[in-house]
Amino acid sequence: MSIEYDAIVVGSGPNGLAAAITLSRAGYSVLVLEANATVGGGVRSAELTLPGFVHDVCSAVHPLAAGSPFFKTLPLERFGVDWIQPEIPLAHPLDDGTAACLYRDVDFTADSLGADLRAYRRLMKPLTRDWEKLATEFLQPMLHLPRHPLALARFGIPALCPATLLCKSLFKHEPARALFAGIAAHSFLPLEAPVSSAFALVLGTAGHAVGWPIPRGGSQTIANGLANYFAELGGRIETNRRVENLDDLPKSRAVLLDVSPWQFVRMASNKLPAHYRQRLENFRHAPGIFKIDYALSEPVPWQAEACKRAGTIHLGGALSEIARTERGIARGEIPERPFVLVAQQSLFDQTRAPRGQHILWAYCHVPFDCNTDMSAHIEAQIERFAPGFRDCILARHTMSASDLERSNPNLAGGDISGGATDFSQLVARPTLSPTPYRTPLRGVYLCSASTPPGGGVHGMCGYHAARAALKEALS
Ligand SMILES: Cc1cc2nc3c(=O)[nH]c(=O)nc-3n(C[C@H](O)[C@H](O)[C@H](O)COP(=O)(O)OP(=O)(O)OC[C@H]3O[C@@H](n4cnc5c(N)ncnc54)[C@H](O)[C@@H]3O)c2cc1C
């Protein structure tokens, strides 16, 4: 059979599209096959509730896209990507009616944290200054020779710490502790676990250095921007093309798979060597999520004024409460008061809802593969910090673990991280190698969030996988 394309990419998530663009830019012919009717994977938007209310189906807030060294090289503005910076990137309300906030400015944030001013500034100021260096260091496989060892050491020492330990040793008061704990909870790890601090440091630093922006019109505009640029480079995308088996692919010199390791095992049927196959089968999932989108008649009536000006809100109360909740989730317990992440895009983007009305995006952490309807729990958490919230609800749309998996097999069990991000799986993602994208199958590479640097919309997994393919299969 003759070669039809230089490379086939399976899946049009941000990593699939990043891989496809990298290969196209190098002059190769590339075909992307996408199972869904629309491109984008975790970067899609749709009218999930009522006509005129544009919701983000998966990702909503984009510090990693805005700070991605790869995306920075792309002409995404020309293709309609317009970042909106909410006045306050993140607010974390507390039960006394106040909120701890992460502002763009480190000093302003530190000043707002009262007696923890100095500790916050000492921790975050050098990291923010070094963001560009750090982003290239941690947005690649862990096994590499650092180009900025000093900056990396300054980040790495606190990053290795459990978040509870770092919070309690650095901060004396609840606002700073809760703020840090909420960001660390993005790790989906118990906050007593090593490296849980890394997530707070990366996302917190990104908040200061590049913001926690939202794209005007919804996350789909990022996917469309990537897809349209790829088309301009001569690439081709076919939607509604689910790939069940690698043998079904058109002939090519390289195949890049924006799929999970578990799916790869099925797609490769029995072709994988036993040791590699076993390694992939043993790769562990992260806990899951339950997602809910609302159409609202008015903005959320937050008690804390700052929450009315913030793009993202973390609901979980004090450090001790968030730590208890996340610990329970790791043990498989369904939380009574879950940790809820909220985005209120329509406060800053009028294209998202009919005039005067609003959308609200929220999800909470649950154990892996949990299909319990968490709507009432999420609403109780929002009511706790915004009494009267329920009266604003016009419509809701929910997604359990099974719904998420049906919409995208990469989200099996509601795991949105592409596999747990504990220390061992950050280092060996999904295998221990300086080129973990390479598989034992000649010319076949993994490029999804289950490869370094992991979850989030940044395209770096796809970029690095494509670079490996360019050096090997396509050289
Ligand atoms: C609810 C939710 C909220 C999130 N919030 C954020 C956020 O705010 N900010 C952020 O940075 N990240 C967020 N994320 C994470 C982010 O969306 C993912 O980490 C990112 O999209 C991973 O990109 P990817 O390209 O590896 O995979 P995906 O985005 O999952 O894309 C994979 C694509 O491959 C396709 N595919 C899979 N299997 C096959 C097959 N066999 N044949 C053909 N096509 C196939 C899928 O349909 C999909 O389009 C969120 C994720 C979810 C689910």
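Every number here is computed from the coordinates shown, using simple stated rules; none is lab data. What you are looking at is a predicted structure, and each value in this text was computed from that prediction instead of being measured. Glycine gets a Cβ as well: all are built from the backbone with ideal geometry, and neighbour counts include every protein chain shown.
Give me the compactness ratio for region 19-96, meaning the Cα radius of gyration over 2.2 N^0.38 Å.
1.45
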Measure of compaction for the chain (Cα Rg per 2.2 N^0.38 Å): 0.93
Can you list the equivalent-ellipsoid semi-axes of region 291-342, largest first and in whole Å, using the square root of 5 times each Cα gyration tensor eigenvalue? 25, 14, 8
At what distance in nm do the modelled label points of residue 142 and residue 407 sit from each other, each positioned 7 Å from its Cα along Cα→Cβ? 3.0 nm
Would you compute the Debye intensity of region 389-475 from its alpha-carbon atoms alone, equal scatterers and no solvent, and pass along log10 I(q)/I(0) at q = 0.13, 0.14 Å⁻¹ to two decimals? -0.53, -0.59
Would you mind classifying region 141-243 by shape? Square roots of the alpha carbon gyration tensor eigenvalues, ordered a ≥ b ≥ c; an a/c under 1.5 is rounded, otherwise it is prolate if a/b is larger than b/c and oblate if not. prolate
If you plug each phi of region 362-375 into the Karplus form 6.51 cos²θ - 1.76 cosθ + 1.60 with θ = phi - 60°, what whole-Hz ³J(HN,Hα) values come out, in order, with x for Gly and Pro? 8, 8, 10, 7, 9, x, 4, 6, 8, 10, 5, 6, 9, 3
Mean projected area, convex hull of alpha-carbon positions in region 147-192, reported to one decimal in nm², is 3.6 nm²
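Taking every pair of distinct Cα atoms and averaging 1/r, then inverting, what Kirkwood hydrodynamic radius in Å comes out for region 189-285?
One decimal place: 17.8 Å for the Kirkwood radius.
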Taking 0.36 nm per intervening residue step and subtracting the Cα-Cα distance, what contour gain separates residue 232 from residue 46 on full extension? 64.5 nm
Stretchable slack from residue 72 to residue 355, in nm (0.36 nm times residue separation minus alpha-carbon distance): 98.6 nm
Tell me the trypsin sites (Lys or Arg not before Pro) within region 327-430 that lie in a loop according to DSSP and have at most 14 other beta-carbon atoms within 10 Å. 331, 355
State, as an integer percentage, the relative contact order of the chain based on alpha-carbon contacts under 8 Å between residues 6 or more apart. 26 percent
Could you tell me the distance between the Cα centroids of region 330-369 and region 410-440, to the nearest Å? 26 Å
What would the Debye formula give as log10 I(q)/I(0) at q = 0.25, 0.28 Å⁻¹ for the alpha-carbon point model of region 370-423, no solvent? -0.93, -1.02
Please work out, to two decimal places, the log10 of the ratio I(q)/I(0) at q = 0.09, 0.12 Å⁻¹ from a Debye calculation in which every Cα of region 38-185 carries one identical scatterer. -0.39, -0.68
Taking the reciprocal of mean 1/r across every pair of different Cα atoms in region 258-414, the Kirkwood radius in Å is 17.3 Å
In deg cm²/dmol and to the nearest 500, what is the mean residue ellipticity at 222 nm of the chain if only DSSP H runs of at least 4 residues count, each as -39500 (n - 2.57), divided by the residue total? -10000 deg cm²/dmol
Fully extended, how many nm does the chain gain between residue 279 and residue 172 (0.36 nm per residue separation, minus their Cα-Cα distance)? 34.3 nm
Overall dimensions of region 262-329 as given by Cα atoms, namely Rg and Dmax in Å: 21.0, 58
Computed Kirkwood radius, in angstrom, where 1/r is averaged over Cα pairs of region 84-146: 13.7 Å
